[in-house]
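Novice: One structure is given below, represented as structure tokens, and several questions about it will come after.
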Amino acid sequence: MARAGVTHPSEPVGDPKPSGARGHVNLRHWPGLGGWYSPEKPSSMVRLRDRLAFYVVALPEVGAVPERLGLGSWRQAIGAIVFGAGIFYDDSLSESDPDAITTLQAWCDSHPLDTPLGPIRRTALSLTQFNVGEFHRMAYVGRRAVVSADLGRTLGLLADWWTPAQRGEFRGGWSLGLRGWGVVAQHGDRRRWSTSYGHPKLYVQATGVHGTRAAFGWPRPNPEGKRRGVWVPAGQDRLVSYRGYFLDVIGAAFAFDAVDSSDLDDHLRMWDLSPVGAPYAVPVGTEGIESVDRLVGSIHRLALEVDREAARWG
């Protein structure tokens with residue numbers, strides 16, 4: 001289809017366009033609903049390689065019905081330089097299989113992370129500890145970019161509560177209550193999620209073919225109505241609630257490589273990266289740890305490749 005100032009090769013060429021005439025096109029399957037324009041100042045674009053990012057992935061436990069968290073892995077990095085990493089597991093593991101926790105901690109002790117600050121120990125945390133500690137500190141308070149593959153599933157496994165979003169921009173998506181950020185409360189004949197003071201809900205919605213978007217909601221104020229949570233400047237002495245910065249590498253890679261697949265390995269091959277053989281679920285043990293650790297590493301590498309390609313277009 002021809003757009004303003006752009007002629008399709010199969011169409012007859014009409015009168016020459018005036019000198020300096022321009023046009024724009026929307027790329028097929030490009031994320032977003034509105035028109036796309038290149039930024040006025042490409043040099044001002046914030047590159048993923050230049051900012052602190054929080055890479056996280058979670059997989060369910062093999063054979064768990066209903067589905068629940070098996071193991072997850074995270075790393076904090078700026079560009080290719082990693083500053084911290086660890087794994088997390090479901091809280092119920094401490095009662096159902098204490099020996100498994102010993103195995104996870106032993107793996108972390110025997111696999112120190114080489115960083116610019118020297119070798120550091122990876123952490124092994126329960127899901128509550130991870131959400132209240134690392135995820136809250138990095139993704140929310142620290143305003144890191146949160147990067148994952150199959151972002152909606154990962155965030156869903158971090159949650160204790162999920163319900164269809166009924167209104168606002170995420171209508172048709174999901175409203176999540178992260179474990180440790182609130183409690184499930186009984187209100188009359190129905191149950192609802194009650195967030196802790198200063199903590200928001202998390203909203204997730206599928207967009208396009210393989211895209212996912214997510215955002216933090218409004219944080220709950222304290223009983224006196226005082227502002228809590230994270231707020232950012234919005235011009236003219238205004239503050240708005242921090243919504244977060246989330247990136248699903250599957251959707252981002254698809255925009256450039258046109259590989260119509262939700263399988264991470266299919267995209268890794270297109271970017272000349274080694275496939276990781278990402279499983280659907282993992283056992284809680286050494287095999288599972290190594291799977292999620294390889295997976296988060298591949299997400300990190302793919303994100304940097306997409307970032308490099310995006311810079312060429314930006």
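Novice: Specify the residue that is surrounded by the most Cβ atoms within 10 Å (Cβ to Cβ); the eligible residues are those in the range 292-306 that are in contact with a helix residue (DSSP H, G or I) (Cβ under 7 Å, 6 or more places away or on another chain) and under 16 Å from Val82 (Cβ atoms). Write out each step before concluding.
Specialist: Taking the range 292-306 and keeping what is in contact with a helix residue (DSSP H, G or I) (Cβ under 7 Å, 6 or more places away or on another chain), we get 298-299, 302-304, 306.
Filter once more, so that each one left must be under 16 Å from Val82 (Cβ atoms): 298-299, 302-304.
Details: Ser298: 24, Ile299: 28, Leu302: 23, Ala303: 24, Leu304: 20.
Among those residues, the one meeting the criterion is Ile299.
Novice: Residue under question is Ser261, and the condition is that it be among the hydroxyl-bearing types (Ser, Thr, Tyr), exposed (fewer than 13 other Cβ atoms within 10 Å of the Cβ) and either within 23 Å of Leu202 (Cβ to Cβ) or modelled with pLDDT of 90 or more (or both); does it hold? Explain how you work it out, then say what you get.
Specialist: Numbers: among the hydroxyl-bearing types (Ser, Thr, Tyr): yes; exposed (fewer than 13 other Cβ atoms within 10 Å of the Cβ): no; either within 23 Å of Leu202 (Cβ to Cβ) or modelled with pLDDT of 90 or more (or both): yes.
Against the criterion (among the hydroxyl-bearing types (Ser, Thr, Tyr), exposed (fewer than 13 other Cβ atoms within 10 Å of the Cβ) and either within 23 Å of Leu202 (Cβ to Cβ) or modelled with pLDDT of 90 or more (or both)), Ser261 does not qualify.
Novice: In addition: Working only within the range 75-99, note down all residues that are more than 22 Å from Ala159 (Cα to Cα) and out of contact with any Lys or Arg (no Cβ under 9 Å at 6 or more places or on another chain).
Specialist: Step one: filter the range 75-99 for residues more than 22 Å from Ala159 (Cα to Cα), giving 77-84, 98-99.
Residues satisfying the conditions are Ala77, Ile81, Pro98, Asp99.
Novice: Please determine, by comparing only the residues of the range 227-238 that are assigned to a loop (DSSP other than H, G, I, E, B) and in contact with a strand residue (DSSP E or B) (Cβ under 7 Å, 6 or more places away or on another chain), which one is nearest to Phe254 (Cα to Cα). Give the derivation first.
Specialist: Of all residues in the range 227-238, those assigned to a loop (DSSP other than H, G, I, E, B) come to 227-230, 234-238.
Subset that is in contact with a strand residue (DSSP E or B) (Cβ under 7 Å, 6 or more places away or on another chain): 228-229, 234.
Details: Arg228: 38, Gly229: 34, Ala234: 32 Å.
Filtering the range 227-238 for residues that are assigned to a loop (DSSP other than H, G, I, E, B) and in contact with a strand residue (DSSP E or B) (Cβ under 7 Å, 6 or more places away or on another chain), the one nearest to Phe254 (Cα to Cα) comes out as Ala234.
Novice: Further question on the same structure: Please find, among Thr123, Thr163, Thr115, Thr212, the residue that is in contact with a strand residue (DSSP E or B) (Cβ under 6 Å, 6 or more places away or on another chain) and touching a residue at least 60 places away in the same chain (Cβ under 8 Å).
Specialist: Sole residue among the options that is in contact with a strand residue (DSSP E or B) (Cβ under 6 Å, 6 or more places away or on another chain) and touching a residue at least 60 places away in the same chain (Cβ under 8 Å): Thr212.
Novice: Answer yes or no: is there a residue in the range 246-264 that is among the small types (Gly, Ala, Ser), assigned to a strand (DSSP E or B) and either in contact (Cβ under 8 Å) with a residue 60 or more places away in the chain or more than 23 Å from Arg47 (Cα to Cα) (or both). Walk me through it before giving the result.
Specialist: The initial filter retains those residues of the range 246-264 that are among the small types (Gly, Ala, Ser), namely 251-253, 255, 258, 261-262.
Keeping just the survivors that are assigned to a strand (DSSP E or B) gives none.
No: the range 246-264 contains no residue that is among the small types (Gly, Ala, Ser), assigned to a strand (DSSP E or B) and either in contact (Cβ under 8 Å) with a residue 60 or more places away in the chain or more than 23 Å from Arg47 (Cα to Cα) (or both).
Novice: Which residue, of Arg301, Arg312, is closer than 25 Å to Arg47 by Cβ, basic (Lys, Arg) and at pLDDT 95 or above?
Specialist: Arg301
Novice: Just to be sure before I move on: is Val204 of a type in the set (A, V, I, L, M, F, W, C), touching a residue at least 24 places away in the same chain (Cβ under 8 Å) and crowded, with 20+ Cβ neighbours inside 10 Å in the structure I sent?
Specialist: Working: of a type in the set (A, V, I, L, M, F, W, C): yes; touching a residue at least 24 places away in the same chain (Cβ under 8 Å): yes; crowded, with 20+ Cβ neighbours inside 10 Å: yes.
It is true that Val204 is of a type in the set (A, V, I, L, M, F, W, C), touching a residue at least 24 places away in the same chain (Cβ under 8 Å) and crowded, with 20+ Cβ neighbours inside 10 Å.
Novice: Filter the range 267-289 for residues that are without any contact (Cβ under 8 Å) to a residue 40 or more places away in the chain, assigned to a helix (DSSP H, G or I) and either touching a helix residue (DSSP H, G or I) at 6+ places or on another chain (Cβ under 9 Å) or among the aromatic types (Phe, Trp, Tyr) (or both) and give the result.
Specialist: Across the range 267-289, the qualifying residues are His267, Leu268, Met270.
Novice: Check off (1) at pLDDT below 90; (2) in a helix (DSSP H, G or I) for Glu40 and give me the number that stays unchecked.
Specialist: Evaluating Glu40 over (1) at pLDDT below 90; (2) in a helix (DSSP H, G or I) leaves (2) as the failure.
Novice: To continue, here is another question. Check the range 213-226 and report whether any residue there is crowded, with 16+ Cβ neighbours inside 10 Å, in a loop (DSSP other than H, G, I, E, B) and not acidic (Asp, Glu). Spell out how you get there, then give the answer.
Specialist: Going residue by residue through the range 213-226, those that are crowded, with 16+ Cβ neighbours inside 10 Å are 213-217, 219-220.
Filter once more, keeping what is in a loop (DSSP other than H, G, I, E, B): 217, 219.
Now drop any that are not not acidic (Asp, Glu), which leaves 217, 219.
So far as the range 213-226 goes, yes, one or more of its residues are crowded, with 16+ Cβ neighbours inside 10 Å, in a loop (DSSP other than H, G, I, E, B) and not acidic (Asp, Glu).
Novice: Hey, which of the strands (runs of 3 or more DSSP E) in the range 109-210, taking only ones fully inside, have at least 1 residues that are closer than 24 Å to Val62 by Cα, at pLDDT 90 or above and out of contact with any His (no Cβ under 8 Å at 6 or more places or on another chain)?
Specialist: On the way: elements: 113-115, 118-120, 123-126, 145-148, 159-164, 174-178, 182-187, 190-195, 202-207.
By residue number, 123-126, 145-148, 159-164, 174-178.
Novice: Of the residues that sit in the range 94-108 and are in contact (Cβ under 8 Å) with a residue 24 or more places away in the chain and in a helix (DSSP H, G or I), which one is surrounded by the most Cβ atoms within 10 Å (Cβ to Cβ)? Steps first, please.
Specialist: Narrowing the range 94-108 to residues in contact (Cβ under 8 Å) with a residue 24 or more places away in the chain: 94, 97, 100, 103-104, 107.
Among the residues that remain, those that are also in a helix (DSSP H, G or I) are: 94, 100, 103-104, 107.
Numbers: Ser94: 12, Ala100: 18, Thr103: 16, Leu104: 24, Trp107: 18.
Top of the filtered list is Leu104.
The values are calculated or read from the model by the stated rules, or taken from the named source; none is laboratory data. Only a predicted model underlies this, so the values are computations on that prediction, with no experimental measurement involved. All Cβ positions, even for glycine, are placed from backbone atoms using ideal geometry, and neighbour counts span all protein chains on display.
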